[in-house]
Amino acid sequence: MEDSIYQVAVPTLKGSETTLEEHKGKVLLVVNTASRCGLTPQLDGLESIRQEFKDRGFEILAFPSNDFAGQEPLEGEAIQEFCSTVYGSSFPVYGKIHVKGSKAHPLFKTLSKSKRTGGAGMEPKWNFTKYLIDRNGKIITYFLPITKPESSRVKKAIEKLLSE
């Protein structure tokens, strides 16, 4: 049985900790983000699919990371302000974490070691790696950073889980 993502303590933008328990029962797309990346415009696509599916029990969870070429220089609530002001993002943004290597946050260690994501080797290779989680917290699949959130591949996978 895979580890539960709901019980892992995650940082908030204000510096405290919380869990993902409030998202239990929803289909989730967990994404490592950065504000100064060439892929940052994907925040538009993420918001687009959130709006399309949110009323059916879908949510996007953003986890900023500075692990790739220092592309997340912002700290704390400035990250959320950037996402909402520049891209109109309304999905939850959590505190900045490490998503790869020995310092990887436990959430991303869990996501990376899942059999559904290729086992121990599928940690994010760059910003905007996307992990799809079903309503029971089971890791279903992942999408590489170059896969646009609003692509038919991503939307079909979300639709399938929402229909179950």
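The values are calculated or read from the model by the stated rules, or taken from the named source; none is laboratory data. Values in this document were obtained by computation on a predicted structure and should not be read as measured data. Because the Cβ atoms are built from the backbone with ideal geometry, glycine has one as well, and the counts that use them run over all protein chains shown.
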**Asked** Quick one: which of Lys125, Lys109, Lys100, Lys96 is modelled with pLDDT under 95, assigned to a loop (DSSP other than H, G, I, E, B), within 17 Å of Val10 (Cα to Cα) and of a type outside the set (Gly, Ala, Ser)?
**Response** Lys100
**Request:** Considering each residue of the range 49-59, count those that are farther than 14 Å from Lys156 by Cα and not in a helix (DSSP H, G or I), and give that number.
**Result:** 2
**Item:** Residue list for the range 1-16, filter: closer than 13 Å to Leu107 by Cα, touching a strand residue (DSSP E or B) at 6+ places or on another chain (Cβ under 8 Å) and either modelled with pLDDT of 95 or more or buried (at least 16 other Cβ atoms within 10 Å of the Cβ) (or both)
**Value:** Ile5, Val10, Pro11
**Prompt:** Looking at this structure, is Ser84 in a helix (DSSP H, G or I) and under 25 Å from Thr18 (Cα atoms)?
**Reply:** yes
**Considering residues of the range 1-48 that are of a type in the set (D, E, K, R) and part of a loop (DSSP other than H, G, I, E, B) only, the residue farthest from Val154 (Cα to Cα)** = Lys14
**Request:** Specify which of the listed residues (Ala78, Ala69) is surrounded by fewer than 18 Cβ atoms within 10 Å (Cβ to Cβ) and in a helix (DSSP H, G or I).
**Result:** Ala78
**Fill in**
Of (1) in contact with a strand residue (DSSP E or B) (Cβ under 8 Å, 6 or more places away or on another chain); (2) among the small types (Gly, Ala, Ser); (3) farther than 12 Å from Glu47 by Cα, Ser102 fails just (1)
**Complete:** Selection from the range 136-164 of residues in a loop (DSSP other than H, G, I, E, B), in contact with a Lys or Arg (Cβ under 9 Å, 6 or more places away or on another chain) and modelled with pLDDT of 95 or more yields Pro145, Thr147, Pro149
